[in-house]
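Each remark here refers to the structure printed beneath this line.
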Amino acid sequence: MKILKRFVAARSAIQLIALSTVCLGFNAVAAPAPLEQIKSIPLPAVTGGDFDHFAVDLKKNRLFVPAEDYGSIEVFNLKTGEHLRSVTNLVKSPHMLSLMPDKNELFVADAHDAACDVLDATDLHLIKRIPLEAGPDFGVFDPVSRIIYLGNGGKGAQADYSYISLISVDRKEVIDRIRVEAATLKGMALDRKANRLYVNMRDKNQIGVIDLKTKSVVQTWTFPGLNSNAAMGFDEANHRLFIGSRNPGVLFVVDSTNGKLIATFNTVNISDDMTFDAKRHRLIVSGAEGVDVFRQENPDSYQRIQHVDTLGGKTSVYVPSLNRFYVVHTKGEQAAEAGLQIFKVNN
């Protein structure tokens, strides 16, 4: 009898283990990846050159993508990805885009004409050209002050210093500017709680900390191995600044309150965009080698949980309300033609 009871108990244990294994296997298969590609839209007419930073129009369901060298603004249906139109011969070298949905106006950093062009977002005709120093490139928009902070000058003006021009979107003019001792300014992040602006001083391998009250650079931070830093992301709630170093690709995590280096991680090379998803506690890094997704375990601990091939696409945007992530790639060694990749963002 004892032998029989032991046999029954052993068989039950084996069945339980088998059932657990099946359940675990089912969960592993069922769990979706953080990013899941759902569509690819070809752009055969765009024959080369980089793309720059997008603008999203939730109100009218549009995505605007600037092609720097081809000299066009590509317009897509935000939800379906349908390519709606290509506008050429207007802005010859468009860079960062910033949309004002309440005005239906698109502000474009125009590197060719050293200006910020204000376009009607419906048909993209020119409304006003705001003169700047040479080479306007990257900027950020503050919806509270309604100011665009746009980098210009520096290398484009054959100078070893640049300006961040403060452009009022209501007055459509430069209302002030901040001098930065670097020839190339790239990624920026606004810290509204601290009233600061962080900027990548790429040629200096430094991060500039700007006091927006005094409109001056009050600190510069650098770290061993920081090189050609361009992409920047920000977790404002936890005071964590994310910096992308190029050649090789390294992610730097920095305490924005004091400039202390928290951690570094290997990531894609030549990163151009970073997006922090506060809802899911994830950081998405896009670069020439693809996209890396990092999970934030806590403000000081991160784990890379996915890598996605993007055919060389390094410019991206995340739209939280649609759970969509967009990456654009050019024609080159990794892709026979340019195109837009659309990913679903899963929990």
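The values are calculated or read from the model by the stated rules, or taken from the named source; none is laboratory data. What you see is a predicted model; the values in this text were computed from it and never measured. No Cβ is skipped: glycine too gets one built from the backbone with ideal geometry, and neighbour counts run over all protein chains shown. Accessible surface is based on the protein model in full, side chains and every heavy atom, while ligands, DNA and RNA are left aside. Shrake-Rupley method; radii C 1.70, N 1.55, O 1.52, S 1.80 Å.
Only one entry of S216, S256, S271 meets the criterion of being touching a His at 6+ places or on another chain (Cβ under 6 Å), at pLDDT 95 or above, polar (S, T, N, Q) and under 30 Å from R146 (Cβ atoms), and that entry is S256. Exactly one residue out of L197, L190 is open to solvent by 10 Å² or more (accessible area, probe 1.4 Å), closer than 18 Å to D235 by Cα, touching a Leu at 6+ places or on another chain (Cβ under 9 Å) and assigned to a strand (DSSP E or B), and it is L190. Residues in the range 109-134 that are farther than 15 Å from H53 by Cα, open to solvent by 20 Å² or more (accessible area, probe 1.4 Å) and part of a loop (DSSP other than H, G, I, E, B): H112, D113, A114, T122, D123, H125, L132, E133, A134.
Hey, does the range 148-156 have a residue that's in a loop (DSSP other than H, G, I, E, B) and either closer than 22 Å to E74 by Cβ or among the hydrophobic types (A, V, I, L, M, F, W, C) (or both)? No, because not a single residue in the range 148-156 is in a loop (DSSP other than H, G, I, E, B) and either closer than 22 Å to E74 by Cβ or among the hydrophobic types (A, V, I, L, M, F, W, C) (or both).
State yes or no: is G249 in contact with a Phe, Trp or Tyr (Cβ under 6 Å, 6 or more places away or on another chain) and of a type outside the set (S, T, N, Q)?
So G249 does not fit the description; no.
Within the range 135-153, if we keep just the residues that are open to solvent by less than 30 Å² (accessible area, probe 1.4 Å) and among the charged types (D, E, K, R), the residue that is nearest to the chain's Cα centre (by Cα) turns out to be D137.
Of all residues in the range 324-347, those that are loosely packed, with under 15 Cβ neighbours inside 10 Å and in contact (Cβ under 8 Å) with a residue 12 or more places away in the chain total 3. For the range 89-100, the set of residues classified as out of contact with any Phe, Trp or Tyr (no Cβ under 6 Å at 6 or more places or on another chain) and surrounded by 15 or more Cβ atoms within 10 Å (Cβ to Cβ) consists of L90, V91, K92, S93, P94, H95, L99, M100, listed by residue number.
Each residue in the range 322-339 was checked for being in contact with a Ser or Thr (Cβ under 7 Å, 6 or more places away or on another chain) and assigned to a strand (DSSP E or B), and 7 of them qualify. Given the residues L84, L106, which is the only one that is assigned to a strand (DSSP E or B) and under 19 Å from the mean Cα position of the chain (by Cα)? Of L84, L106, the one residue that is assigned to a strand (DSSP E or B) and under 19 Å from the mean Cα position of the chain (by Cα) is L106.
Where strands (runs of 3 or more DSSP E) sit wholly within the range 251-320, those with at least 1 residues that are closer than 24 Å to P224 by Cα and either touching a helix residue (DSSP H, G or I) at 6+ places or on another chain (Cβ under 6 Å) or of a type in the set (D, E, K, R) (or both) occupy 271-277, 290-298, 301-308. Quick one: in the range 164-187, which of the residues that are closer than 13 Å to G208 by Cα and open to solvent by less than 10 Å² (accessible area, probe 1.4 Å) is nearest to the chain's Cα centre (by Cα)? It comes out as G187.
Pick from the range 274-307 the residues that are touching a residue at least 60 places away in the same chain (Cβ under 8 Å) and of a type in the set (S, T, N, Q): which of them is surrounded by the most Cβ atoms within 10 Å (Cβ to Cβ)? Among those residues, the one meeting the criterion is Q296. Looking at the range 200-225 only, could you name the residues that are in contact (Cβ under 8 Å) with a residue 24 or more places away in the chain, open to solvent by 10 Å² or more (accessible area, probe 1.4 Å) and out of contact with any helix residue (DSSP H, G or I) (no Cβ under 9 Å at 6 or more places or on another chain)? Passing the criteria: R202, N205, Q206, K215, S216, V217, Q219, W221, F223, G225.
If only residues of the range 47-62 that are among the small types (G, A, S) and not in a strand (DSSP E or B) are counted, the one that is surrounded by the most Cβ atoms within 10 Å (Cβ to Cβ) is G49. Listed by first and then second residue, the pairs linking a residue in the range 78-101 that is within 29 Å of G156 (Cβ to Cβ) to a residue that is open to solvent by 50 Å² or more (accessible area, probe 1.4 Å) and outside any loop (DSSP other than H, G, I, E, B), with Cβ atoms under 7 Å apart and 6 or more places separating them unless they lie on different chains, are L90/L126; S98/F141. Looking at the range 230-242, I want the residues that are basic (K, R) and have a partner that is in a loop (DSSP other than H, G, I, E, B) and open to solvent by 20 Å² or more (accessible area, probe 1.4 Å) with Cβ atoms under 8 Å, at least 6 apart or on another chain. Which pairs are those? Every condition considered, the pairs that remain are R240/P299.
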